[in-house]
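To keep things clear, I will list the structure first and then write my remarks on it.
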Amino acid sequence: MAMIEARGISRVYKTGSVEVMALRDVSVDIDAREFVAFVGPSGSGKSTLLNMVGCLDHPSSGTLSVLGSDVAALDRAHAAAFRGEYLGFVFQEFNLVPVLSAFENVEYPLLMIRSWPPDRRRAQVMKLLDAVGMADQAHKRPDELSGGQKQRVAVARALVSEPKLVLADEPTANLDHDSAHKVLDLMKRMRDDFGTTFVFSTHDPKIMQAAERTLTLEDGRLVREQRA
């Protein structure tokens, strides 16, 4: 069974009497441990598709299964529980809490969704900070870190709860060329070490080159699939 199975999903947004078709009859399978990118220009539907996989939105029609669950049928509370249990997120703007240290930012998901004792939490946080090369910066707050360092902390935070699937929306957009490549190399290493599936939404050529499979959307339709 594929980790993600989409069959004929469409998404229509309504503003008054105006309907906007964000996705049109998209079908796709993504297997475990893949490193996949939804690509296309702004307005192509790639972020909409990523949001639906992440249980942040629902298709207007069609079926969508993630890890064997019909996520389109989840209400808000069950969708939040599903995200906390199985998914990790990496965002373009990093979304670190400015008043918390790198350690505390990575620890935060464990406080929210895992009832682990403090010693186990600390060991898990330091394991992930060490894996992303940030153990020696654990005490620093986000405003004391570079863009690349912030994104590495964000990757550690996404992985700390041991999710099966990480969704990354334009994760390299605010990084310089060298930092972007380092973060992508890090994500691939995390995939190899932890068996995590990574799915991106992007128009960044660096991610397209790093992805093992790219799925191109145009005007809400899946128009092309390419393997590296």
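The values are calculated or read from the model by the stated rules, or taken from the named source; none is laboratory data. Treat the numbers as computed from the prediction; the structure is a model and nothing was measured. As a convention, Cβ positions derive from the backbone with ideal geometry for all residues, glycine included, and neighbour counts pool all protein chains shown.
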(request) Can you tell me which residue within the range 211-228, out of those that are more than 13 Å from Pro41 (Cα to Cα) and among the small types (Gly, Ala, Ser), is nearest to the chain's Cα centre (by Cα)? (result) Ala211
(message) Conditions first: (1) under 27 Å from Val71 (Cβ atoms); (2) surrounded by fewer than 20 Cβ atoms within 10 Å (Cβ to Cβ). Thr172 passes all but one, so which condition is the exception?
(response) (2)
(request) Filter the range 85-112 down to residues that are of a type in the set (A, V, I, L, M) and in contact with a strand residue (DSSP E or B) (Cβ under 7 Å, 6 or more places away or on another chain) and give me whichever is modelled with the highest pLDDT. (result) Leu87
(message) Quick test of your reading of the structure: Asp57 fulfils all but one of (1) of a type in the set (Asp, Glu); (2) in contact with a strand residue (DSSP E or B) (Cβ under 9 Å, 6 or more places away or on another chain); (3) modelled with pLDDT of 95 or more; (4) not in a strand (DSSP E or B). Name the failing condition by number.
(response) (3)
(message) Can you tell me how many residues within the range 156-205 are polar (S, T, N, Q) and part of a loop (DSSP other than H, G, I, E, B)?
(response) 4
(request) Take the range 10-36 and flag every residue that is in contact with a Leu (Cβ under 7 Å, 6 or more places away or on another chain) and either part of a loop (DSSP other than H, G, I, E, B) or within 20 Å of Thr202 (Cβ to Cβ) (or both). (result) Arg11, Leu23, Val26, Val28, Val36
(request) Find all pairs meeting these conditions: Cβ atoms under 8 angstrom apart; at least six residues apart or on different chains; first residue within the range 166-185 and closer than 27 Å to Cys55 by Cβ and without any contact (Cβ under 8 Å) to a residue 60 or more places away in the chain; second residue among the hydroxyl-bearing types (Ser, Thr, Tyr) and not in a helix (DSSP H, G or I). (result) Thr172/Thr202; Val183/Thr172; Leu184/Thr172
(message) If I ask for residues that are touching a residue at least 24 places away in the same chain (Cβ under 8 Å), assigned to a helix (DSSP H, G or I) and among the basic types (Lys, Arg), which ones from the range 75-132 would you list?
(response) Arg83
(request) Go through the range 211-228 and give me each residue that's β-branched (Val, Ile, Thr), buried (at least 17 other Cβ atoms within 10 Å of the Cβ) and out of contact with any Gly (no Cβ under 6 Å at 6 or more places or on another chain). (result) Thr214
(message) So, in the range 200-210, how many residues would count as being surrounded by fewer than 24 Cβ atoms within 10 Å (Cβ to Cβ) and under 17 Å from the mean Cα position of the chain (by Cα)?
(response) 5
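Out of the residues in the range 18-46 that are surrounded by fewer than 14 Cβ atoms within 10 Å (Cβ to Cβ) and either of a type outside the set (Asp, Glu) or touching a Ser or Thr at 6+ places or on another chain (Cβ under 9 Å) (or both), which is farthest from Arg213 (Cα to Cα)? If you could, list the steps in order and put the result at the bottom.
Quick first cut of the range 18-46, residues surrounded by fewer than 14 Cβ atoms within 10 Å (Cβ to Cβ) only: 18-20, 27, 29, 31, 41-42.
Those left that are additionally either of a type outside the set (Asp, Glu) or touching a Ser or Thr at 6+ places or on another chain (Cβ under 9 Å) (or both): 18, 20, 27, 31, 41-42.
Numbers: Val18: 35, Val20: 28, Ser27: 15, Asp31: 11, Pro41: 17, Ser42: 20 Å.
The extreme case among them is Val18.
Which one of Ser65, Ser47 is in a strand (DSSP E or B), in contact (Cβ under 8 Å) with a residue 40 or more places away in the chain and not β-branched (Val, Ile, Thr)?
Values: Ser47 fails: in a strand (DSSP E or B).
After applying the criteria, what remains is Ser65.
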(message) Being buried (at least 17 other Cβ atoms within 10 Å of the Cβ) and either farther than 27 Å from Lys206 by Cα or in contact with a helix residue (DSSP H, G or I) (Cβ under 7 Å, 6 or more places away or on another chain) (or both): is that true of Ala72 here?
(response) yes
